[in-house]
Amino acid sequence: MNRKLKMGMVGGGRGAFIGAVHRMAANLDGKIELVAGAFSSNAKKSKLSGKDFFLDPSRVYTSYEEMAKKEAALPVGERIDFVSIVVQNNLHFAVAKCFLEHGFNVICDKPLAFDLKEAKDLRRIVKKSKKVFALTHNYTGYPMVKEARDIVSKGKLGRILKVVTEYPQGYAVGDVENKSLSKIASWRTDPSVAGASNCIGDIGTHAENLGSYITGLEIDEMCAELTAFIPGRKLDDDGNILIRYKGGAKGLLYASQISSGDENNLNIRIYGIKASLEWHQEHPNELIVKYPDKPRQILRRGNDYVCKATADCTRTPFGHPEAFIEAFANVYMSAAKAIAAEVSGKKLPKNLDFPTVEDGVTGMAFITTAVKSSNSKSKWTKMIKA
């Protein structure tokens, strides 16, 4: 393709955190340009947001339905090539369905949908549309996460025995709903908007996806305890899950938004019969590999010894840190290759590496099973089929 991909956005207007992250990530490699959007359900705010982004006013819409219809009427090369969806959970399905049925590729923020039924319905729509669908489980975009995956896939850890994934945050330990942070956080505690879970649905799914991406293991059953520690809160703000994987490995997943003093402390430790590895999101450029009979290694991105997948998503030489925006951009970069091929009528490239609708359905099955287990007296609950 001899031009930039044209991106539209639904949601992400003034004051939205994740919309700005998506725009920066999409723009990082200079191959995507934002040309249209319906940035808010408030028509005035949407128009003002479009002005902030220097867009043609005629391409700034008052609803996503209007946007899908009018963009579809434009010729290829002028209309958007894909839409980025950054609305609240309860709207993911409706917006994605609308754009897929109007013939557009989709990149959607996680979780995939409001509930598992919507997720499965959306998977059917994606398959029928034959369009590219990417889900922004952004932590899979970090170079050293890809290095960890390569190490596991080559059998360097041996048989996997245990996976420990932690995602503690502390931002919701107080009365978040009535403080200045409410624009970001309050809807996450509203079951009519967020769905059946807050903490596990918001960040627990990232932990589940990270473990699955690196190890390839599938959850067989789980024993979950979800808690709303803050009085009056309707959805969980903390979760502890014991996991039994198919094949015999065991796991522990802990996600929390009331862990005082923690910021965004996602980390994973994978223990194999030969060696183990450890990665921390707040120190993402390093991967620790540990052995029972020799000193541990600290691998760093940007060096010649990393695998091709790691090198391909690294933008700067060693010693020049890369982090959150770059990881997001790696998801966009890989999805953009697929979208460019789809728009050009070519076969999709091989070895594409971005989360898909399948990852999203698995994530919704994980949330549903965790809630079911937590509410069950028997506790150990078979993973619901994705």
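Laid out as a table, the results:
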read-out	value
Where SER373 falls short, out of the listed (1) more than 23 Å from the chain's Cα centre (by Cα); (2) surrounded by fewer than 21 Cβ atoms within 10 Å (Cβ to Cβ)	(2)
Options PRO231, PRO295: the member that is of a type outside the set (Val, Ile, Thr), modelled with pLDDT under 95 and exposed (fewer than 13 other Cβ atoms within 10 Å of the Cβ)	PRO231
Filter pass, LYS51 being free of Cβ contacts under 8 Å to residues at least 12 places away in the same chain and basic (Lys, Arg)	yes
Cβ pairs under 8 Å, 6+ apart, first in segment 245-261 and farther than 11 Å from ASP220 by Cα, second of a type in the set (D, E, K, R) and part of a loop (DSSP other than H, G, I, E, B)	SER256/ASP237; SER256/ASP262; GLN257/ASP237; ILE258/ASP237
Helices (runs of 4 or more DSSP H) contained entirely in segment 302-386, each with at least 3 residues that are within 30 Å of GLY103 (Cα to Cα) and touching a helix residue (DSSP H, G or I) at 6+ places or on another chain (Cβ under 9 Å)	324-344, 357-375
Positions within segment 247-272 being surrounded by fewer than 16 Cβ atoms within 10 Å (Cβ to Cβ) and closer than 22 Å to GLU286 by Cα, in sequence order	GLU263, ASN264
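Every residue, every condition in (1) assigned to a helix (DSSP H, G or I); (2) aliphatic (A, V, I, L, M); (3) under 21 Å from ASN138 (Cα atoms); (4) in the same structural domain as GLY11 (by TED's automatic domain parsing), yes or no:
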site: SER186; (1), (2), (3), (4): yes, no, no, no
site: ASP202; (1), (2), (3), (4): yes, no, yes, no
site: THR205; (1), (2), (3), (4): yes, no, yes, no
site: ASN209; (1), (2), (3), (4): yes, no, yes, no
site: SER212; (1), (2), (3), (4): yes, no, yes, no
site: ALA224; (1), (2), (3), (4): no, yes, no, no
site: ILE230; (1), (2), (3), (4): no, yes, no, no
site: ASP236; (1), (2), (3), (4): no, no, no, no
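Each row is one residue, and each column tells you yes or no for (1) among the charged types (D, E, K, R); (2) within 15 Å of the chain's Cα centre (by Cα); (3) surrounded by 24 or more Cβ atoms within 10 Å (Cβ to Cβ).
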site: VAL126; (1), (2), (3): no, no, no
site: VAL132; (1), (2), (3): no, no, yes
site: HIS137; (1), (2), (3): no, yes, yes
site: ARG149; (1), (2), (3): yes, no, no
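The values are calculated or read from the model by the stated rules, or taken from the named source; none is laboratory data. In this text the structure is predicted, and so the values were computed from the model without any measurement. So basically every Cβ, Gly included, is an ideal-geometry build from the backbone, and we count neighbours across all protein chains shown.
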